[in-house]
Every structure is written in C-alpha cells, then in structure tokens.
Amino acid sequence: MIHTKTLFLRIYTLFICLLATLSVSAQQETESGSYVMPYHVSNMTLSTDSSYICITFTQTGRTARYGIFDLESRTLSWMSEEMDTERGKVSPTRYGLMVMRDWGLLWNISLIDPQRGVASWSEPGIGGFRYDERTDMALAVKKNVKEPGLILKGFNVSSGDTLWRYRINYEFVQGMNGGMYAVSDTVALVVADQLCLVSRGAGNIDYCAYDEPVQGGDMPVLVRGGRIYVSDRRHVTCYNRWLRAQWTAAHPATGRCRLQRVGKRLYLINEGYVRKMLEADDRGVAPIVKEQVCKPFIACYDSESGSKVSQAMLNWKRSDGALERIYVNAVFYAKDDDGQVFKKVQTPADGCFVKVDDGTIYVLNEKMKVKEKYTDDKVFHRYFQTSRCVGIASANEACITSPDGQLLRHLPQGTTAICRVGNEVFYTIGDAIYWESLP
C-alpha cells in the first residue's frame, strides 16, 4: 500500500509536469503568428520602451494613416484618421508619437498619446521644426503676421509648454528640420540670414555672418560637446557655444554636403550636387532632380585644432552612374553567389562607400580608387543584431544570418520591413504583420 505522503508527492510531480507541458505548448503556439491590417503597411518602428510598434499605412502611393500595434495583445490598438497630406511624418519618441502634417507652406505638429490615440498638444502653422531628444526640447519657427521677421519658439516636448518665445529679424530659416539646433536646454542656434544664438533668458545673444551655400545646396551644421561646427560654401568653422570662432579651414566649393564627427575626427562629406526643381508637368507636378555642380570630396580635420588630416577629391564619372551618396564609417552585408553566406563589408580606413542611383555600392580606398563593387542585388543593410543572429534586408529580400554571415533563415518573399523585439522578429508583407521566434 502506497503511503499517503508518497502518493501526494507523485500527484504533485505529475501536476507540475502537466503544467510544464502546457507551458511549452503555449510557447510553441506563440512562436509564430500574424495579424491582418486594414491597409497596406509601409513601415514599422519599435517604440523606445519596446511596448508597441508604430505602423504607417499607404493608400494610393502616399502615407495615409498611422496606428499602434500593441505587443502584449498582438492587435492594432487604434488607427488615425487620414493624414490629409502627401508628406506626413510619424516618429515615435519616449513621450509619444510626433506627427507632422504638411499643409502646403505650413506644417502642423502634434504629440499623440500612444495609449489613447489623442493629441497631448498641437502646434499649428509651423514653417520649420526640430526636435532635440537630448534636451527634451522642440524648436519651431512661425511667421510673425503683425510685423516683419519670424517667431522662434522653444517648448517642452512632453507637455507642450512654451519655454521661450522670441522674434528674430529674419524672413527665412533653412527648411523643415534644417535650420535650428539645440545647443543646450536654454540656447538654440538658428541658421537664417546669419547664424543667430537665441537664449531663453536674454533673447538674441550673438550672431555672425556666413558665406551662404550655392542655391539648391545646403549648409551643414553639427552641434557636439559644446562645439558648433558649420560648413559654408568655402570654409568649415568651429565655434564655441557662444559663437566665438575657435578655428576655421578652407575647402573647395561644395554642393550638397554634411558633417560627421567620429571620435576626434571631423569629416566634411561633399556629395557635389544640388537639388533643382523643374517646371511643372501637365498634372501640376514639379519634379526635383539632382544636378552635379562640383567634384565630390571628403575632407578630414582634427575636431579640436582644425588641422587638416586629409582631403581626397572624388573624380567620379557620370558614366559610372549618378552619384547618390557618400558614406564614411558605415557597414553593409554582401551576398555571395549561392546566397548562403553574407560578408560584412566595412568602410576602409580613410576610405568610403559610394552609392550610385542604380543601387550599386563602390568601396573606395584612401586614394579614392575602386577597391570592390557590389550591385544592388548583392547589398543588404543591417536592421538588428544580437549575440546569436543578424537581421539584414535588401530591396528584394530579407534574411537572418549568424554573426559570421551563415544564412539561418530566409524571411518570406515580399517582406518590406523587419524589426526585433526581444527574442522575436517582426516583419510585414502587404497588409499583414508577422512574427516568429529568432533562430
């Protein structure tokens, strides 16, 4: 006869085993799944706290709506009304969704609560806008209807409360997201007719002139570690936070260019073209084309002293394809001929990647000579990486590989966007979102 205590232990053990079996079955059931959306999914972005995915939808070729896909319930929590704009932008922040709607010459900016789908605050009539997550401050410029000039406004992103508001004596600030920079939580830099510092406590506190870029180009500005780096048409200059010049260095003429700091090195990357608007066609659409106006080059400076480390002209011929972009300090993955192994390709020391309009990427060494060439169908960009796997995708296919490049999983054909959430990969095909466990 079995002792009562022994019988109880056996029953308890069987019960625990049953729970474990059910738990494993439940995990197996949630290893993969899908959810059909009401419209075609164009993009998805994981929130900063990994609690939801922001989904944008397209209708008739434009961003029409956005919504929240809840990661706990695995359903669409809510979806917005129509964007009523062809250039609507949605960006998740740690406070909610920053939604920008284009109303012709002016924009409307709203912060949307991701849980309720309603606006926490809204700022209409914006002619230029920039959000600086580091200082939790947003900058907006608005037309002053009562007198000449513009109104520059700084406000708290989480609440929408105005931090400061000043009139600046300029009629123009470089484009949307392009002409305002947060130097600190109380000081902003405005790129207008001149460089202008605006302080929360003192209004306009300093300004200086610059040599404006060629029409259709831009003037890159980089704010890092209390330094302000500015490149105009002929010079790159380093200012301190009060717009006092620390050093300046001459460079050849630029078109479209940008500044990038890597460690103590400051790179000026001149792509050499400008954007030019052509005359409108019969439909009233005015296409924007790229026009090469000067030779592209990469100049490298010591960010502290301004001494030039190197300058390499890029004598790129149009027969090689129209230059689309130059990359430094970048990485991509290249597929071998049988598609089973992917090689990690990094920018050579003092070299660069050159991408042309057909998607081909050329790897150039420090002498700006072609080292390797990868056609569009061989180039994959990294979307996520863990200690066990890497998610990569091209324009036509998406894969999961091991860190050393061995193919682990081909995602289904038609995948348009991928992201990682914990130990799962999420991807979209058409109007549906899918998820499955990572290899």
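Looking at (1) in contact with a Gly (Cβ under 7 Å, 6 or more places away or on another chain); (2) open to solvent by less than 50 Å² (accessible area, probe 1.4 Å), can you tell me which one Val187 breaks?
For Val187, the exception is condition (1).
Could you check region 406-429 and list, in sequence order, the residues that are polar (S, T, N, Q) and open to solvent by 50 Å² or more (accessible area, probe 1.4 Å)?
Once the filter is applied, which keeps residues that are polar (S, T, N, Q) and open to solvent by 50 Å² or more (accessible area, probe 1.4 Å), region 406-429 yields Gln406, Gln413, Thr416, Asn423.
Scan (1) within 30 Å of Met137 (Cα to Cα); (2) open to solvent by less than 50 Å² (accessible area, probe 1.4 Å); (3) part of a strand (DSSP E or B); (4) modelled with pLDDT of 80 or more for the single condition Thr248 breaks and write down its number.
Result: Thr248 passes all but (2).
Might you check whether a residue that is within 21 Å of the chain's Cα centre (by Cα) and under 18 Å from Ala192 (Cα atoms) occurs anywhere in region 258-268?
Yes, region 258-268 has at least one match.
Can Thr63 be described as farther than 19 Å from Val421 by Cα, modelled with pLDDT under 55 and either surrounded by 10 or more Cβ atoms within 10 Å (Cβ to Cβ) or not β-branched (Val, Ile, Thr) (or both)?
no
Could you say whether any residue in region 198-218 is under 24 Å from the mean Cα position of the chain (by Cα), open to solvent by less than 50 Å² (accessible area, probe 1.4 Å) and hydroxyl-bearing (Ser, Thr, Tyr)?
Within region 198-218, none of the residues are under 24 Å from the mean Cα position of the chain (by Cα), open to solvent by less than 50 Å² (accessible area, probe 1.4 Å) and hydroxyl-bearing (Ser, Thr, Tyr).
Within region 223-238, track down each residue that is open to solvent by less than 70 Å² (accessible area, probe 1.4 Å), free of Cβ contacts under 8 Å to residues at least 40 places away in the same chain and in a strand (DSSP E or B).
Residues satisfying the conditions are Val230, Ser231, Thr237.
May I ask you to verify whether Ala334 is more than 21 Å from Ser34 (Cα to Cα), hydrophobic (A, V, I, L, M, F, W, C), open to solvent by 20 Å² or more (accessible area, probe 1.4 Å) and in contact (Cβ under 8 Å) with a residue 12 or more places away in the chain?
For Ala334, the condition - more than 21 Å from Ser34 (Cα to Cα), hydrophobic (A, V, I, L, M, F, W, C), open to solvent by 20 Å² or more (accessible area, probe 1.4 Å) and in contact (Cβ under 8 Å) with a residue 12 or more places away in the chain - is not met.
Which residue is modelled with the lowest pLDDT, if the candidates are limited to region 284-312 and must be hydrophobic (A, V, I, L, M, F, W, C) and either exposed (fewer than 15 other Cβ atoms within 10 Å of the Cβ) or in a helix (DSSP H, G or I) (or both)?
Val285
Scan region 96-111 residue by residue and report those that are open to solvent by 10 Å² or more (accessible area, probe 1.4 Å) and either in contact with a Ser or Thr (Cβ under 8 Å, 6 or more places away or on another chain) or at pLDDT 80 or above (or both).
Met100, Arg101, Asp102, Trp103, Trp107, Asn108
Yes or no: Ala280 outside any strand (DSSP E or B), within 26 Å of Gly321 (Cβ to Cβ), out of contact with any Cys (no Cβ under 6 Å at 6 or more places or on another chain) and not polar (S, T, N, Q)?
No, not satisfied.
Based on this model, can you work out whether Lys344 counts as in contact with a strand residue (DSSP E or B) (Cβ under 9 Å, 6 or more places away or on another chain) and either polar (S, T, N, Q) or at pLDDT below 95 (or both)?
Here the answer is yes, as Lys344 does meet what is asked.
Of all residues in region 170-204, count the ones that are of a type outside the set (D, E, K, R) and at pLDDT below 75.
Residues in region 170-204 being of a type outside the set (D, E, K, R) and at pLDDT below 75: 12 in total.
Say we look at region 347-370 and pick out the residues that are acidic (Asp, Glu) and more than 16 Å from Ser310 (Cα to Cα); which of these is nearest to the chain's Cα centre (by Cα)?
So, considering only residues that are acidic (Asp, Glu) and more than 16 Å from Ser310 (Cα to Cα), the one nearest to the chain's Cα centre (by Cα) is Asp357.
With the condition kept exactly as written, say whether any residue in region 337-351 is touching an Asp or Glu at 6+ places or on another chain (Cβ under 6 Å), open to solvent by less than 20 Å² (accessible area, probe 1.4 Å) and over 30 Å from Tyr239 (Cβ atoms).
Checked region 337-351: no residue is touching an Asp or Glu at 6+ places or on another chain (Cβ under 6 Å), open to solvent by less than 20 Å² (accessible area, probe 1.4 Å) and over 30 Å from Tyr239 (Cβ atoms).
The values are calculated or read from the model by the stated rules, or taken from the named source; none is laboratory data. Quick caveat: nothing in here was measured; it's all calculated off a predicted structure. With ideal geometry, Cβ positions are generated from the backbone for all residues, glycine too; neighbour counts draw on all protein chains shown. Remember, those area values only see protein heavy atoms, side chains included, never the ligands or the DNA or RNA. Shrake-Rupley method; radii C 1.70, N 1.55, O 1.52, S 1.80 Å.
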